[in-house]
Amino acid sequence: MSRVPSREEAFALLKEFNTSESLIKHALSVEAVMRHIAGKTGEDPEKWGIIGLIHDLDYEMFPEQHCAKTREILEEIDWPEDYVRAVVSHAWDLCSDVKPESTMEKYLYAIDELTGLITACVLVRPSRSLMDLKVKSVKKKWKNKHFAAGANRQVIENGAEMLGIEITELIQDVIDGMRAVASDLGLDGGS
């Protein structure tokens, strides 16, 4: 029978498979946003956070097997199936055929790419801080398809549509969630 992993176990596992500082920071960003949204919607912040933290577990070592390798790793160490399914669903229609169904899965799918876009928005600001970032600044950068071109805007839009929320609300949620770990991400304006 599977047992619920702790945040410490999830973070150790993440670091076992990832050494890239940018991938670790991305995982921390997604974790923080998932915790924020879970708290806001009355869900379990610990569960949502762990799933956000681990979502790209296999990306650095097995980019060609992204999601499939994560499923294999998590099943081998007996993670709960709903955790595994949620993680695999974040890359639906990109490298996974597992469509996000639960609210948690839909948020993970919607925010993954958005955290990268918001990070890029902060890095070009004079303040280099999340604390003074506004939704309108992100929306302005959103329109420039060459800016943070790796952030798949269509996935973000599809995710917001699945959730039945406006992009503006999603952007604000991601900013708010990421602010909780801004110093860990190096996005608090410090040098």
Those residues of segment 90-112 which are closer than 20 Å to Ile165 by Cβ, hydroxyl-bearing (Ser, Thr, Tyr) and in contact (Cβ under 8 Å) with a residue 24 or more places away in the chain amount to Thr103, Tyr107, Tyr109
Looking only at segment 1-41, and only at residues there that are among the polar types (S, T, N, Q) and in a loop (DSSP other than H, G, I, E, B), the one that is nearest to Pro80 (Cα to Cα): Ser2
Where Lys143 falls short, out of the listed (1) without any contact (Cβ under 8 Å) to a residue 24 or more places away in the chain; (2) touching a Cys at 6+ places or on another chain (Cβ under 6 Å): (2)
Do you know which of the residues in segment 110-158 that are in a loop (DSSP other than H, G, I, E, B) and under 14 Å from the mean Cα position of the chain (by Cα) is nearest to Val181 (Cα to Cα)? Ala151
Would segment 60-70 turn up any residue that is aliphatic (A, V, I, L, M) and modelled with pLDDT of 95 or more? no
Condition set in a loop (DSSP other than H, G, I, E, B) and within 15 Å of the chain's Cα centre (by Cα), scope segment 81-93, selection surrounded by the most Cβ atoms within 10 Å (Cβ to Cβ): answer is His90
Looking for something touching a helix residue (DSSP H, G or I) at 6+ places or on another chain (Cβ under 7 Å), surrounded by 16 or more Cβ atoms within 10 Å (Cβ to Cβ), modelled with pLDDT under 95 and part of a loop (DSSP other than H, G, I, E, B) - is there at least one such residue anywhere in segment 42-51? no
Pull up segment 152-191, narrow it to residues that are within 25 Å of Ser129 (Cβ to Cβ), among the β-branched types (Val, Ile, Thr) and without any contact (Cβ under 8 Å) to a residue 40 or more places away in the chain, then point me to the one that is surrounded by the most Cβ atoms within 10 Å (Cβ to Cβ). Ile167
Please go through segment 94-109 and give me each residue that is buried (at least 22 other Cβ atoms within 10 Å of the Cβ) and either hydrophobic (A, V, I, L, M, F, W, C) or outside any helix (DSSP H, G or I) (or both), ordered by number. Pro100, Met104, Leu108
Looking at segment 63-81, can you tell me whether even one residue there is among the charged types (D, E, K, R), touching a residue at least 12 places away in the same chain (Cβ under 8 Å) and under 26 Å from Leu187 (Cβ atoms)? no
Within segment 173-191, which residues are over 11 Å from Val33 (Cβ atoms) and either part of a helix (DSSP H, G or I) or not aliphatic (A, V, I, L, M) (or both)? Ala182, Ser183, Asp184, Leu185, Gly186, Asp188, Gly189, Gly190, Ser191
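The values are calculated or read from the model by the stated rules, or taken from the named source; none is laboratory data. Just so it is clear, the structure is predicted and the values come from calculations on it, not from any experiment. Neighbour counts run over all protein chains shown; Cβ positions are idealised from the backbone, glycine included.
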